[in-house]
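Student: The structure that follows is given in the form of structure tokens.
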Amino acid sequence: MSGALANTNEVTEQLEQYHNMMSLGMSCLESALKNYRQPDARREARIRLRLASLLYEETENSMECEEVLSKGIQLCERSKLLDLKYAMHHVFARLTAKSNYKAAIKAVERLILDTEALRLVHWAYAFRFLRVSLSLEADLVDYSAVAKNLQALSDTSDRLRHPGVKIVASTMEAMVHLQYGGSDKVELAQRALAAVRTHQLSDETKGLPQIQALADCLDLSCAIMQFNPDLIAQKLPQMQANMDAAAKSPGWSKNGSFQVSLGVGASANLDDDSGGILRSTKTGEISLSFGWLTPSQLYALGYSLSGLATMQKDALDPKAISFLTEGFKLCKAATSSLPQPLDASRVGADWRRELSIMVQLKQASAHCGRAEWGAASPVIADVKRKVAEGAGSANIMVETELDYLAAVCLHGQGDIESALEHYSSSLLVFRPEGKEVSALRDMQAIATLDRILILRNVQKEQEAETLLQSIEPYCLNHNNKALVSAYYVVKATADSGNSAIIKRKQYLQSAVQAAQAVKNNPLLCVILSSMTEMFFRGIVGEQATKSSQAARSLAYKTQNKLWISVTNRMYADTLELCGEHDKAGPVRHAAEQAIATSSPGLKKRMM
């Protein structure tokens with residue numbers, strides 16, 4: 001029921017029924033505590049733990065939850081019920097984090113020291129993982145603290161020979177490095193993944209298909225962030241094959257939960273005394289209990305990542321849009337049959353909505369890369385509607401990408417005035433001293449390059465030159481050779497006059513090398529077209545013909561009608577200069593046909 005209710009904010013009959021059931025259950029537990037004296041301290045503590053868990057998960061009544069936990073912890077201390085005591089502290093820390101994050105972190109750190117001093121390794125692990133989880137949920141993530149706790153988990157698990165904990169901690173460490181790390185984040189993530197791979201043949205790894213799948217996703221993400229098309233081509237099929245095998249594994253539960261065994265004997269009461277934080281395995285050992293993605297959520301993520309990887313490998317590959325479309329469908333997969341609290345169901349629903357928005361943005365980007373403006377515009381409009389309705393988190397990354405894609409669509413259809421307005425928005429302004437995440441700065445740098453081209457077209461050369469200088473260090477030091485190539489193309493077209501010919505040739509040569517490194521045919525088409533225009537316009541000779549032919553050939557590979565038209569015109573001009581009018585006619589006709597189906601604004605500018 002909670003899964004179905006999570007997708008709506010309306011007060012329905014089902015929602016009322018759900019709340020009534022929860023209220024009745026909590027009333028029964030309260031009555032058992034107030035009206036019946038419990039002779040068994042363990043039973044009373046369990047009732048308090050269950051009541052507190054329900055108050056935490058299903059209500060906003062923090063004060064009552066705190067009171068129940070405080071009395072329960074005192075009872076556990078008097079009766080020396082350690083598992084119940086630390087389970088209540090675990091809930092208390094999560095409750096405190098809702099209103100006072102710093103206080104919750106301090107409390108968890110004290111509990112880590114206490115449990116380590118008492119050599120309660122299973123609870124020390126549980127609180128360290130909680131410390132990491134709370135840090136990642138904070139508005140401002142303390143990257144160094146998260147990395148420190150994950151490293152402590154790895155060190156302890158190595159010392160005590162708990163490979164399952166090592167595998168989970170190292171995989172999480174790789175994920176944290178990729179999301180929050182600095183310039184060496186890919187290297188650190190790969191090092192953490194290497195630690196995971198050392199256990200890939202162990203029974204512990206085979207029993208954790210979820211972690212295997214996550215490690216493969218992170219491995220592919222490293223290749224994407226290295227902007228290496230050959231490595232992506234190698235990692236993508238590996239990730240897809242391993243994900244299929246992992247999702248079919250009997251160790252992957254429908255609700256996404258999994259256990260990490262510690263190889264230590266568990267007490268008979270562990271499951272009830274720990275509130276589900278720790279569990280007893282079939283062989284009677286203590287295990288840590290985790291919650292992660294369901295198989296359908298994993299496939300949604302896998303298809304989305306496959307689409308992103310395919311775009312990075314080859315922007316013109318139609319499989320990218322197919323992968324993203326399938327990922328978008330899976331984001332809507334129903335989860336109403338999963339038994340979980342309403343709040344947890346809503347978190348899952350929010351995650352699916354946010355992923356669906358990300359996927360749609362990548363769909364629009366893929367369409368733009370193929371110059372399919374008519375297909376990109378409705379997707380952008382749909383995302384804008386969802387963000388306006390509050391269906392997804394309108395974070396700065398989403399808003400910036402929306403602004404950028406809208407500008408690209410306008411630019412591609414010839415409306416350069418409106419495009420310039422979008423490129424000049426505060427979200428897309430590149431600030432050399434900025435501290436934004438790298439993906440955001442990448443988008444701002446690319447938008448600035450587009451803005452420069454338009455400014456030159458409207459005779460604002462000085463403003464364009466100032467902007468070019470501001471992004472030069474960032475572009476030239478970037479790992480993405482496509483961005484380096486794009487910068488050199490814009491730089492080459494800035495210099496004019498005979499004295500700049502040598503420099504322009506150097507810039508274009510650098511652009512060619514960078515574009516070839518990432519096998520970017522659209523960029524190579526632009527570069528060769530620029531070379532033909534700069535150095536062979538009005539020139540008669542074999543070299544001029546070869547240059548225009550090469551640019552034309554690349555344009556057809558990109559399937560971009562604008563560049564097909566431009567390169568055909570240049571080739572036709574060259575043929576006419578060479579006196580080959582019979583060949584020039586059909587080529588010029590092909591140029592006119594290519595632009596005939598374009599937008600009115602683009603047709604007007606091509607006339």
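Student: Scan the range 55-103 residue by residue and report those that are among the acidic types (Asp, Glu) and over 19 Å from residue 115 (Cα atoms).
Tutor: 57, 58, 60, 64, 66, 67
Student: Another question, if that's okay. Name the pairs: first residue in the range 140-168 and within 22 Å of residue 108 (Cα to Cα), second residue charged (D, E, K, R) and surrounded by fewer than 17 Cβ atoms within 10 Å (Cβ to Cβ), Cβ to Cβ under 7 Å, at least 6 apart or on different chains?
Tutor: As it stands, the answer is 166/158, since those pairs meet every condition given.
Student: I want to confirm something. Restricting to the range 320-337 and keeping residues that are surrounded by fewer than 17 Cβ atoms within 10 Å (Cβ to Cβ) and of a type in the set (A, V, I, L, M), which single residue is modelled with the highest pLDDT?
Tutor: In this case the residue turns out to be 333.
Student: Applying the selection to the range 194-243, what residues are charged (D, E, K, R) and touching a Lys or Arg at 6+ places or on another chain (Cβ under 7 Å)?
Tutor: Across the range 194-243, the qualifying residue is only 219.
Student: Here's a check for you: in the range 346-403, which residue that is outside any helix (DSSP H, G or I) and small (Gly, Ala, Ser) is modelled with the lowest pLDDT?
Tutor: The residue in question is 392.
Student: Moving to a separate point now. In the range 36-80, which residue that is polar (S, T, N, Q), surrounded by 14 or more Cβ atoms within 10 Å (Cβ to Cβ) and over 19 Å from residue 98 (Cβ atoms) is modelled with the lowest pLDDT?
Tutor: 38
Student: Let me ask you something else. Look at residue 25 and say whether it is among the small types (Gly, Ala, Ser) and surrounded by 18 or more Cβ atoms within 10 Å (Cβ to Cβ).
Tutor: No; evaluated as a whole, the condition is false for this residue.
Student: Within the range 110-122, does at least one residue satisfy the condition of being touching a residue at least 40 places away in the same chain (Cβ under 8 Å), closer than 17 Å to residue 272 by Cβ, assigned to a helix (DSSP H, G or I) and in contact with a His (Cβ under 7 Å, 6 or more places away or on another chain)?
Tutor: no
Student: Turning to a different aspect of this structure: Kindly indicate whether residue 33 is over 42 Å from the mean Cα position of the chain (by Cα), in a helix (DSSP H, G or I) and modelled with pLDDT under 85.
Tutor: It is true that residue 33 is over 42 Å from the mean Cα position of the chain (by Cα), in a helix (DSSP H, G or I) and modelled with pLDDT under 85.
Student: Mind listing just one residue for me: the one in the range 168-216 that is of a type in the set (Asp, Glu) and buried (at least 18 other Cβ atoms within 10 Å of the Cβ) and, of those, farthest from residue 136 (Cα to Cα)?
Tutor: Selected residue: 204.
Student: Scan the range 350-376 residue by residue and report those that are within 16 Å of residue 397 (Cβ to Cβ), in contact with a Cys (Cβ under 7 Å, 6 or more places away or on another chain) and surrounded by 21 or more Cβ atoms within 10 Å (Cβ to Cβ).
Tutor: Answer for the range 350-376, where residues must be within 16 Å of residue 397 (Cβ to Cβ), in contact with a Cys (Cβ under 7 Å, 6 or more places away or on another chain) and surrounded by 21 or more Cβ atoms within 10 Å (Cβ to Cβ): 356, 359.
Student: I've got another one for you. Consider residue 317 against the criteria (1) in contact with a helix residue (DSSP H, G or I) (Cβ under 8 Å, 6 or more places away or on another chain); (2) closer than 26 Å to residue 125 by Cα; (3) at pLDDT 85 or above; (4) in a loop (DSSP other than H, G, I, E, B): it satisfies all of them except one. Which criterion is unmet?
Tutor: Going through the list (1) in contact with a helix residue (DSSP H, G or I) (Cβ under 8 Å, 6 or more places away or on another chain); (2) closer than 26 Å to residue 125 by Cα; (3) at pLDDT 85 or above; (4) in a loop (DSSP other than H, G, I, E, B), residue 317 breaks only (2).
Student: For the range 97-110, which positions are closer than 12 Å to residue 134 by Cβ and either at pLDDT below 90 or not polar (S, T, N, Q) (or both)?
Tutor: Of everything in the range 97-110, those that are closer than 12 Å to residue 134 by Cβ and either at pLDDT below 90 or not polar (S, T, N, Q) (or both) turn out to be 97, 98, 101, 102, 103, 104, 105, 106, 107, 108, 109.
Student: For residue 29, only one of the following conditions fails: (1) of a type in the set (A, V, I, L, M, F, W, C); (2) without any contact (Cβ under 8 Å) to a residue 24 or more places away in the chain; (3) farther than 18 Å from residue 270 by Cα. What is its number?
Tutor: (2)
Student: If you go through the range 234-271, how many residues are of a type in the set (Lys, Arg) and in contact with a helix residue (DSSP H, G or I) (Cβ under 6 Å, 6 or more places away or on another chain)?
Tutor: Adding up the residues that qualify gives 1.
Student: Follow-up question, since we're still on this one. Quick one: residue 263 ticks every box in (1) buried (at least 17 other Cβ atoms within 10 Å of the Cβ); (2) closer than 28 Å to residue 124 by Cα bar one, so which box is it?
Tutor: If we test residue 263 against (1) buried (at least 17 other Cβ atoms within 10 Å of the Cβ); (2) closer than 28 Å to residue 124 by Cα, just (1) comes out false.
Student: Counting residues that are of a type in the set (A, V, I, L, M) and modelled with pLDDT of 90 or more, which helices (runs of 4 or more DSSP H) fully inside the range 141-226 reach at least 3?
Tutor: 143-160, 163-180, 185-197, 209-225
Student: Mind checking which residues of the range 42-80 are hydroxyl-bearing (Ser, Thr, Tyr) and over 36 Å from the mean Cα position of the chain (by Cα)?
Tutor: Hits for the range 42-80 are 70, 79.
The values are calculated or read from the model by the stated rules, or taken from the named source; none is laboratory data. Note that the coordinates shown come from a computational prediction; the quantities given were computed from them, not determined experimentally. FYI the Cβ positions are ideal-geometry reconstructions off the backbone, even for glycines, and counts take in every protein chain you see.
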